[in-house]
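The values are calculated or read from the model by the stated rules, or taken from the named source; none is laboratory data. Predicted, not measured: the structure shown is a model, and the values here were computed from it. Note that each Cβ is placed from the backbone with ideal geometry, even for glycine, and that neighbours are counted across all protein chains shown. To get the accessible areas, we keep the full protein, side chains included, count just its heavy atoms, and leave off ligands, DNA and RNA. Shrake-Rupley method; radii C 1.70, N 1.55, O 1.52, S 1.80 Å.
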Amino acid sequence: MKPVVGIPRALLYWQYFPLWQSFLEGIGVETYLSPPTGRQILQDGLAALGTDVCLPVKVAAGHLLALRDRVDLILLPRLVSAARREYACPKLMGLPDLVRHSLSLPPLLSPVIDRYRHDNWPLIRVALAVGRRVGAGLPAVLRSLARAVECYRRYLNLLQAGYFPQEAWEAAGAGQAPDPRAPAGDVVALIGHPYTVYDREINLNLLGRLERAGLSVRTAEQVPEATARRAAAALPKHLFWTAGQQAVGAAFHYLEQEGVVGMISVMSFGCGPDSMTGDLIARRARRGGIIPHLSLTLDEHAAEAGVLTRLEAFLDMVAAQRERGVVVCG
Ligand code: SF4
C-alpha cells in the first residue's frame with residue numbers, strides 16, 4: 001500500500017501545488033492537505049519555532065504540525081535554486097533541517113531542487129526521488145510527470161490571464177484553456193511572496209479588502225517570468241534571489257502600466273530578501289512619484305487596527321489621484 005503524503009498549505013505550496021498534486025495523484029498516491037491557515041495553526045507555529053524566523057516559516061511549522069497525526073510522509077522539498085545562477089532564500093533551503101530538529105513529525109520527503117547546478121533535468125530528478133520513496137515504477141513516474149508539467153503550464157497561463165491561484169488550479173485541473181480576464185476597474189498591484197499575498201490569515205485579507213474597495217488586484221505571479229526579468233534588468237546588478245527578481249521585475253512592470261493606480265509591497269518582518277527588494281520597489285515608485293505606494297511589513301504582532309489605518313490612508317490617496325485623473329505612472 002502506498003503511503004499517504006501530507007502537503008503543508010504554506011510557502012512553496014502557493015507556487016507549486018498543481019504540479020505536486022497532479023504528479024502524486026498520477027502515481028497513485030493519496031495526498032492530504034493541511035487546512036487553511038487559522039488561529040490554531042498560527043499559534044502552534046509560533047509556539048514551535050520561537051522568534052528567530054520570519055512569519056511565513058512559523059506559519060509553515062503550524063501547517064506541518066496539523067499534518068502530524070494524519071499522514072505517513074510529508075512533502076517538504078528543499079528549494080536551493082529555481083534558476084541558473086540564482087538562489088532561494090536560505091530559510092527555504094534549510095527548512096527541512098530546521099523542522100526535523102525542532103518538531104516531532106512523520107518522515108519528510110525532501111527532494112532537493114537545485115537548478116543552479118543541475119539545470120537540465122531538475123524535475124525528473126525530483127520526480128524519480130519521490131517515485132522511489134513511495135514505490136512507484138519508472139514508467140508511471142515519467143507518464144505522471146509529463147501530465148503534471150502540462151497541468152502546471154495551464155496553471156501558469158491562467159495566472160497570467162488574470163486568475164488567482166485557487167481558481168487557476170481548479171481550472172487547470174479541469175483542463176481548461178485560459179480565458180483572459182481583463183481588470184474590472186482601476187488596478188492596484190499587490191507585490192510580495194505568494195504565501196504572504198494569498199494567505200488571507202497572514203495578511204488580514206488585503207486582497208479581499210482591495211476588491212471590496214472597488215479595485216482590481218494584480219500580483220507578481222500574474223506577470224510572465226520573461227517580462228519580469230526584462231523589467232528587473234533595469235537594476236545595475238542582477239538580483240540573485242529568483243523570488244526577488246520576480247517581485248522587483250513585476251513591480252517595475254506595473255509601474256509602467258496604464259490603469260495601475262497604486263501599489264502595495266507586502267513584506268515579512270525578519271525577511272532579509274524582502275528588506276532589500278521592498279526598498280528597491282519603494283525607491284522606484286517614489287522616483288516615478290505619480291501613484292501611491294504603501295510598504296506593509298507583517299509579523300505575528302501586526303495589529304489589525306494599525307494595518308487597516310494605513311490601508312485606509314492608502315485608499316484615500318488612490319481616490320484622490322483618481323479624482324485628479326492621473327492614473328499613469330512613468
Ligand atoms: S524569503 Fe523571506 S519570507 Fe520567504 S522564507 Fe525567506 S525569509 Fe521568510
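Can you tell me the relative contact order of the stretch 47-116? Whole percent, Cα pairs under 8 Å, sequence separation 6 or more.
Normalised by residue count, the contact order of the stretch 47-116 is 40 percent.
Label point of Asp179 set 7 angstrom out along Cα-Cβ; within the stretch 218-251, no amide nitrogen lies under 11 Å from it.
Positive-end ranking of Ser110, Gln40, Leu24 along the dipole of the stretch 5-173, with charges on Cβ about the Cα centre, is headed by Ser110.
Please give the peptides 267-274, 6-13 ranked by average Cβ packing (other Cβ atoms within 10 Å per residue), highest first, as a rough proxy for protection. Spell out each step's value before the answer.
Values: 267-274: 21.0, 6-13: 23.2.
Ranked by mean Cβ neighbours within 10 Å, highest first: 6-13, 267-274.
When peptides 73-81, 246-254, 229-237 are sorted by average Cβ neighbour count within 10 Å, with the highest value leading, the order is 246-254, 73-81, 229-237. For the listed peptides 208-218, 22-32, a ranking on the average number of other beta carbons within 10 Å per residue, highest first, reads 22-32, 208-218. Taking the Cα centroid of the stretch 81-120 and of the stretch 34-50, what is the distance between the two, rounded to the nearest whole Å? If you average the Cα positions of each part, the centres end up 21 Å apart. For Lys58, a cut-off of 16 angstrom between C-alpha atoms picks up these lysines, skipping any fewer than 8 places away in its own chain: Lys91. Once the chain from Arg310 to Glu25 is taken as fully extended at 0.36 nm per residue, the excess over their C-alpha distance is 98.3 nm. Counting only Cβ charges, +1 for Lys and Arg and -1 for Asp and Glu, the dipole size of the stretch 187-324 around its Cα centre is about 560 debye. From helices alone, the chain scores -16000 deg cm²/dmol at 222 nm; the rule is -39500 (n - 2.57) for each run of n ≥ 4 DSSP H residues, then divide by the residue total. A Förster radius of 35 Å, combined with the Cβ-Cβ distance separating Glu258 from Val149, puts the computed FRET efficiency at roughly 0.50.
Ignoring any ligand, DNA or RNA, what whole percent of the accessible area of the chain comes from carbon and sulfur when the probe is 1.4 angstrom? Roughly 53 percent, rounded to a whole number. Ligands, DNA and RNA are left out, and with a 1.4 angstrom probe the accessible area of the stretch 220-330 is 49 Å² per residue.
For an R0 of 51 angstrom, estimate the FRET efficiency from the Cβ-Cβ distance between Ala47 and Glu323 and round to the nearest 0.05.
Calculated transfer efficiency: 0.60.
Charges were assigned to the Cβ only: +1 to each Lys and Arg, -1 to each Asp and Glu. The resulting dipole of the chain about its Cα centre is roughly 880 debye. Dipole of the stretch 187-324 computed with +1 at Lys/Arg Cβ and -1 at Asp/Glu Cβ about the Cα centre; of Val266, Pro194, Leu239, farthest Cα towards the positive end is Leu239.
Taking a point 7 Å from the Cα of Ala129 along the Cα-to-Cβ direction, the residues of the stretch 66-80 with backbone N closer than 20 Å to it are 72-80.
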